[in-house]
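A short worksheet on the structure shown next.
The values are calculated or read from the model by the stated rules, or taken from the named source; none is laboratory data. Source: prediction; values computed, not measured. No Cβ is skipped: glycine too gets one built from the backbone with ideal geometry, and neighbour counts run over all protein chains shown.
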Amino acid sequence: MVTAGWGILPWGRGAWGSADMDLHIVSALATGPNTVEVTLSMEPMHVTGFSIGDALDPRTWFIMRADTSTSFTILAVREVSSTVFELRVLEPFGSWRVSHRVQSNTLQSVGGFTIIAPRYADFLGVEAEDRVSGLPVNRQYRQRDIANPPTPKGLDNIGGTLIITSGGDYANEEGAALVRKLVIRELFTNPGEFFWLPTWGIGVAEKIPLPASDMVLLKTTIERQIKRNPEVEGATASLNLASDGTLTIKLRVQVRSSGQSIDIAAQVSSAGVSL
């Protein structure tokens, strides 16, 4: 720790001091299949989620599996306390037998000093394994989101309206309903529209001609992208391009948590999108 001047706070922190140069990662603990809490030695900069070096910006952090060196897609960061931050990832962590590492080389203190060593902490996954198959056992945890169906009831156009329960709160959805919404959202989102998910999105666009030669590539892309969703066990797609330019997409998606299959159909033409 280095201090300069007398400062106006304990240990020289403040306008005349620089004691916050010793920002480092203390520990990390997985709190769910997709969340890990990181404890820091002191309060970091956490003002905005759109500035690298800020604790709330997902790009400030990096998480990987130690056994495969596979990196995780960090979706969001939530402040638990002034020195503890929860990181949520897209892909589920490995089991309690697998070591993971969370790291940051750009995190800054409130005084603007960059993090020093140790800049990482290792942690174990939380999901149990079946002793015979080695596969994850069923878990109580499920992804959940605020209900906002892509197609409002009685309308044909893409919507996204919120649903209010009888108690006056926003309704939630999970399982097959959530998977259906996520699949439709990814179909019509261009890659890179969400900066923290650079490879997410398929980019099927209305009112844009689709050459027949691109049909096979689009089918492969749809199936590959949809299968990356942690709640999806499998996905098959069929495409048909009519002479008037209308593209019909039919999808059968298997939900991982329940084994349920859901069918999704969408038509894309010069008039827009119909589901």
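Values as computed for the structure displayed
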read-out	value
Matching residues, segment 49-75, being in a loop (DSSP other than H, G, I, E, B) and crowded, with 18+ Cβ neighbours inside 10 Å	Gly53, Ala55, Leu56, Asp57, Trp61, Phe72
Qualifying residues in segment 88-121 (those that are in a loop (DSSP other than H, G, I, E, B), of a type in the set (D, E, K, R) and out of contact with any Asp or Glu (no Cβ under 8 Å at 6 or more places or on another chain)) - the one nearest to Arg78 (Cα to Cα)	Glu91
Some residue of segment 207-223 being touching a residue at least 12 places away in the same chain (Cβ under 8 Å), touching a Pro at 6+ places or on another chain (Cβ under 7 Å) and not hydrophobic (A, V, I, L, M, F, W, C)	no
Among residues of segment 76-121, those that are surrounded by 21 or more Cβ atoms within 10 Å (Cβ to Cβ), under 13 Å from Val26 (Cβ atoms) and aromatic (Phe, Trp, Tyr), counted	1
Single residue of segment 190-212 satisfying the filter (crowded, with 17+ Cβ neighbours inside 10 Å and modelled with pLDDT of 80 or more) that is farthest from the chain's Cα centre (by Cα)	Val204
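The rows are residues; the columns are (1) in contact with a helix residue (DSSP H, G or I) (Cβ under 6 Å, 6 or more places away or on another chain); (2) modelled with pLDDT under 95.
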position: Val47; (1), (2): no, yes
position: Arg78; (1), (2): no, yes
position: Gly94; (1), (2): no, yes
position: Arg97; (1), (2): no, yes
position: Val102; (1), (2): no, no
position: Ser109; (1), (2): yes, yes
position: Phe113; (1), (2): yes, yes
position: Ala117; (1), (2): no, yes
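Residue by residue, here is whether (1) touching a helix residue (DSSP H, G or I) at 6+ places or on another chain (Cβ under 9 Å); (2) under 30 Å from Asp57 (Cβ atoms); (3) among the charged types (D, E, K, R); (4) modelled with pLDDT under 85 holds:
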site	(1), (2), (3), (4)
Ser166	no, no, no, yes
Arg224	no, yes, yes, no
Ser238	yes, no, no, no
Gln260	yes, no, no, no
Ser269	no, no, no, yes
